[in-house]
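**Student:** My structure is below; once you've seen it, I'll send some questions.
The values are calculated or read from the model by the stated rules, or taken from the named source; none is laboratory data. Computed from a prediction, not measured in an experiment: that's the story for all the values here. Backbone-built Cβ (ideal geometry, glycine too); neighbour counts: all protein chains shown. Accessible surface areas use protein heavy atoms only, side chains included; no ligands, DNA or RNA. Shrake-Rupley method; radii C 1.70, N 1.55, O 1.52, S 1.80 Å.
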Amino acid sequence: MKNTTKYIIGVMSGTSLDGIDIAYIKISYTNSYTFEILNSTTVSYSAQWKTILKEGFHLSGEALTKLDADYGIHLGNTILNFVTENKITNVDFIASHGHTIFHNPEKNYTLQIGNGPQITAITGIKTICDFRIQDIALGGQGAPLVPIGDELLFSEYDYCLNLGGFVNISFNENGQRIAFDICPVNIVLNHYVSQLNVEYDDKGIIASTGNIDKSLLNELNTLPFYNDTKPKSLGYEFIVETIFPIIDKYALKISDILRTFVEHVAIQIAKKIDSNSEKTVLVAGGGVYNTFLINRIQSYTKTQLIIPEDTIINYKEALVFALLGFLKDEGQNNCLKSVTGASKNHCSGIVFNS
């Protein structure tokens, strides 16, 4: 590939509904990839938008089609405000992940709403989106997609771990990038702590006051998913159909649920890394700020958990989707079959020109 530099707005909305992450990023290629995050922000969802997006899972076809358009308009206006406020004049394109409503690769479908044409129409900027659907058509999981960024931008670390709505991991094994979802994290913790009228468990303080329910912990740890061979990925369906029913039947205090689930997450993560070595693990995503969770993970492993600067913690996924757009724009592969299980490496994403 020729030497090139692009200025990209990367946009990410995670399943934990923290908000819309937007980052203005300079990505360059000259024998290797480098990046600079020039501006960034997270735009929190209103209570109304949180409710709407949570209910998207249950909508009819027509209502979901309308939500796709409405959310695309919301993204377009949010991005336009970001561009205006930061006086940004040089943008090659927007790379938008959208917001996942469905993800069921075993049944050949995934859906990330956030209508690309609406974004382009409002901003006047070329938009690249829908990065997952082609991978599923090729027999892959459509996820995780972040590992291409781990490979090209963060290869100095032995493992890259993202603690978001779900936790996923990537690493190089025998010359190939391997990655998969490990288990749910923030999407479950936030669901239960919301019953205490708070959005999240700040630093894991509430969880730290609870007690582990050994029966619940054992049932969670023995779920068949954790024994599946990779590649594999998770969607909200897994939480609604499997995780919530298991937890709810125990009728525990919220603090005990949080304490038990944190331990479950820590155990599952430790199983997926070389816990008896002193390798390095780059940890990003909102879960990094759950100090109690980080300490519980570290208690199970000798690997060094490396917490980067806040910009990387908060905007690594927006950065990687900007990279996915960069690769798509250059006609380069941005989905790895070793990660997703697709029939081939491929160049994914749909482009809407301004």
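**Student:** Which three lengths, in whole Å and largest first, does region 77-218 cover when its Cα atoms are put on their principal axes?
**Tutor:** 54, 44, 36
**Student:** Using DSSP to call loops (not H, G, I, E or B), can you name the trypsin sites (Lys or Arg not before Pro) in region 207-251 whose Cβ has at most 16 other Cβ atoms within 10 angstrom?
**Tutor:** Numbers: sites: K214, K232, K249; in loops: K232, K249.
Qualifying residues, ordered by number: K249.
**Student:** While we're looking at this one, here's another question. Using a 1.4 Å probe on the protein chains only, how many percent of the accessible area of region 1-143 belongs to carbon and sulfur?
**Tutor:** Values: 2970 of 6300 Å².
On region 1-143, the fraction of accessible area on carbon and sulfur atoms equals 47 percent.
**Student:** Now, a different point. I350 to K279: extension gain in nm, 0.36 nm per residue of separation minus the Cα-Cα distance?
**Tutor:** Details: separation 71, 0.36 × 71 = 25.56 nm, distance 3.75 nm.
Difference between extended and current length: 21.8 nm.
**Student:** Quick one: how many Å² of D68 are accessible to a 1.4 Å probe, rounded to 10?
**Tutor:** The accessible area comes out at roughly 40 Å².
**Student:** Heavy-atom accessible area of E55 with all protein chains present, probe 1.4 Å, nearest 10 Å²?
**Tutor:** 100
**Student:** Here is a further query. By how many nm would the segment from Y250 to T311 grow when fully extended, if each residue of separation counts as 0.36 nm and the alpha-carbon distance is taken off?
**Tutor:** Working: separation 61, 0.36 × 61 = 21.96 nm, distance 3.88 nm.
Result: 18.1 nm gained on full extension.
**Student:** A further question follows. Toward the positive end of the charge dipole of region 127-185, about the Cα centre and with charges on Cβ (Lys, Arg +1; Asp, Glu -1), which of C160, F171, F131 goes farthest?
**Tutor:** With unit charges placed on the Cβ atoms, the residue in question is F131.
**Student:** Pop a pseudo-label 7 angstrom from the Cα along the beta-carbon direction at both E55 and A137 and give the gap in nm to one decimal.
**Tutor:** Calculated label separation equals 3.3 nm.
**Student:** Counting other Cβ atoms within 10 Å, which GluC sites (Glu not before Pro) in region 195-251 have at most 14 and lie in a DSSP loop? Kindly include the intermediate steps, with their values, before the conclusion.
**Tutor:** Values: sites: E199, E219, E237, E241; in loops: E199.
For GluC sites (Glu not before Pro) across region 195-251 that sit outside H, G, I, E and B with at most 14 neighbouring Cβ atoms in 10 Å, the list reads E199.
**Student:** Let me ask something else. Can you pull the Rg over Rh of the chain, Cα-only, Kirkwood?
**Tutor:** Values: Rg = 19.5 Å, Rh = 20.6 Å.
Across the chain, the Cα-based Rg/Rh ratio is 0.95.
**Student:** Can you work out the base-10 log of I(q)/I(0) for region 5-59 at q = 0.16, 0.19, 0.30 1/Å, using the Debye formula on its C-alpha atoms alone?
**Tutor:** -0.60, -0.71, -1.12
**Student:** Just to verify a number: FRET efficiency for F225 and N77, C-beta to C-beta distance, R0 = 41 Å, to 0.05?
**Tutor:** Working: r = 38 Å, r/R0 = 0.93.
Efficiency at R0 = 41 Å is approximately 0.60.
**Student:** Let me ask something else about it. If each of N333 and D70 carries a label point 7 Å out from its Cα toward its Cβ, how far apart are those two points in nm?
**Tutor:** 4.1
**Student:** Treating only the Cβ atoms of Lys and Arg (+1) and Asp and Glu (-1) as charged, compute the dipole magnitude of the chain about its Cα centre; round to the nearest 20 debye. Mind dumping the intermediate values first?
**Tutor:** Numbers: 27 positive and 36 negative charges, 72 e Å.
Value, rounded to 20: 340 debye.
**Student:** Measure nothing fancy, just the Cα-based angle from helix 61-85's long axis to the longest principal axis of the chain, in degrees from 0 to 90, nearest 10.
**Tutor:** It works out to around 70 degrees.
**Student:** Apply 1/(1 + (r/R0)^6) to the Cβ-Cβ distance of K2 and E156, taking R0 = 25 Å, and write down the FRET efficiency to the nearest 0.05. Mind showing how you got there, number by number?
**Tutor:** On the way: r = 25 Å, r/R0 = 1.00.
So, using R0 = 25 Å, E works out to roughly 0.50.
**Student:** Shifting gears a bit: If each of N39 and N108 carries a label point 7 Å out from its Cα toward its Cβ, how far apart are those two points in nm?
**Tutor:** 4.4
**Student:** In addition: If you build a Gaussian network model of the chain, linking Cα atoms that sit under 10 Å apart, which residue out of Q134, Q195, Q304 swings the most?
**Tutor:** Maximum fluctuation in the GNM of the chain, among the listed residues, is at Q195.
**Student:** Turning to a different aspect of this structure: In Å², and per residue, what accessible area does region 257-336 have when probed at 1.4 Å with the other protein chains present?
**Tutor:** Values: 2690 Å² over 80 residues.
Accessible area per residue, region 257-336: 34 Å².
**Student:** So for each of 263-269, 187-193 I average, over its residues, the number of other beta carbons within 10 Å; can you give me the resulting order with the highest mean first?
**Tutor:** Values: 263-269: 22.6, 187-193: 20.7.
Result, highest mean first: 263-269, 187-193.
**Student:** Place a +1 charge on the Cβ of each Lys and Arg in region 202-354 and a -1 charge on the Cβ of each Asp and Glu, then give the dipole magnitude about the Cα centre in debye, rounded to the nearest 20. All intermediate terms of the calculation are to be shown ahead of the outcome.
**Tutor:** Numbers: 16 positive and 16 negative charges, 77 e Å.
Around 380 debye, computed over region 202-354.
**Student:** Okay, moving on. Mean residue ellipticity at 222 nm from the helices of the chain, using -39,500 (n - 2.57) per DSSP H segment of n ≥ 4 over the full residue count, to the nearest 500 deg cm²/dmol? Intermediate values should be presented prior to the final figure.
**Tutor:** Working: 13 runs with 130 residues, N = 354.
Value at 222 nm, helices only: -11000 deg cm²/dmol.
**Student:** Accessible area, 1.4 Å probe, largest first: how do S44, S208 sort? If you can, show how the numbers build up before the last one.
**Tutor:** On the way: S44 85, S208 60 Å².
Order by accessible area, largest first: S44, S208.
**Student:** May I ask for the distance between the Cα centers of region 40-110 and region 205-248, given as a whole number of Å?
**Tutor:** 27
**Student:** Using only Cα atoms, locate the centre of region 287-354 and the centre of region 114-146, then give the distance between them in Å, rounded to an integer.
**Tutor:** Their Cα centres are 15 Å away from one another.
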